[in-house]
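Undergrad: Have a look at the structure that comes next, please.
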């Protein structure tokens, strides 16, 4: 299970998507409550059925249509980066004694 939180200063989160390969996106389950300007918890059931290295990402969309960017934006001051971009979590899936384990996760 992959879980996270989403927030937007422009309105309620209407959609969260997850990618495990950096290319295809899948809808995540948005958990209640769903209120404006409130952190929203989401989850995505991922069946890591193959060994390998994966890059996990999520992106949120709010009610005014803003989608999380792939790269951070510069704010008014060049030294400050907004934290509105998609984070990448790198992990490796290995099979040990018939069970799937996720190891070596790096943010």
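Rule-based calculations on the coordinates, nothing more; no lab input. All of these numbers come straight from a predicted model, not from anything done at the bench. When we count neighbours, we look across all protein chains shown, and the Cβ atoms used for this are built from the backbone with ideal geometry, even at glycine.
Undergrad: Which value in nm describes the separation of the simple spin-label points at residue 61 and residue 90, placed 7 Å from the Cα toward the beta carbon?
TA: 3.0
Undergrad: Okay, moving on. Let me understand the range 1-66 better: what is its radius of gyration from the alpha carbons, and its Dmax, in angstrom?
TA: Taking only Cα atoms of the range 1-66, I get Rg and Dmax of 12.6, 39 Å.
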